[in-house]
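Below is one structure, written out as structure tokens; the observations come after it.
FYI, it's all coordinate maths here, none of it is from the lab. Remember, it's a predicted structure, so these values are computed and weren't measured experimentally. In this analysis, Cβ positions are derived from the backbone assuming ideal geometry, glycine residues included, and neighbour counts consider all displayed protein chains.
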Amino acid sequence: QIKSQQSEVTRILDGKNIKYELVDISQDNALREEMRAKAGNPKAIPPQIVNGDHYCGDYELFVEAVEQNTLQEFLKLA
């Protein structure tokens, strides 16, 4: 499920020509803890969307933003 959600996020970002960096947390506990700290949730699972130091949200919020045509605001790009 995580893989399919990640694929969906990257597909949407690619389709909108939005640059991003994927961070693989599976091999590094420090990266996992950093993701959870940014999300403010000790049990957060990928994908979590962050713009620099600004936490945007999780997959569900991302999809909601796409459906409501508020992706730019969600990604803190607007």
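Give me a comma-separated list of calculated 3J(HN,Hα) values for segment 17-33, in order, Karplus coefficients 6.51, -1.76, 1.60 applied at θ = phi - 60°, integers in Hz, x for any Gly or Pro.
6, 9, 6, 8, 10, 7, 10, 8, 8, 5, 9, 9, 4, 5, 5, 4, 5
Identify which of Asp58, Asp14, Asp28 has the largest mean-square fluctuation in a Gaussian network model of the chain, with springs joining Cα atoms closer than 10 Å.
Ranking Asp58, Asp14, Asp28 by mean-square fluctuation puts Asp28 first.
Placing unit charges on C-beta atoms (Lys and Arg positive, Asp and Glu negative, everything else neutral), compute the dipole magnitude of the chain about its Cα centre in debye, rounded to 20.
With Lys and Arg at +1 and Asp and Glu at -1, about 40 debye.
Given only helices, namely DSSP H runs of n ≥ 4 each adding -39500 (n - 2.57), what is the per-residue ellipticity at 222 nm of the chain, to the nearest 500 deg cm²/dmol?
Helix-only estimate at 222 nm: -14000 deg cm²/dmol.
Under a crude label model (7 Å from the Cα following the beta-carbon direction), how far is Thr70 from Ser26 in nanometres?
Result for the modelled spin labels: 3.3 nm.
Among 1-8, 47-54, what's the highest-first ranking by average C-beta atoms within 10 angstrom per residue?
Highest to lowest by the protection proxy: 47-54, 1-8.
Against the longest principal axis of the chain, how steep is helix 2-15, in degrees 0 to 90 to the nearest 10, with axes from Cα atoms?
40 degrees
If each of Ser7 and Lys19 carries a label point 7 Å out from its Cα toward its Cβ, how far apart are those two points in nm?
Rounded to a tenth, the inter-label distance reads 2.7 nm.
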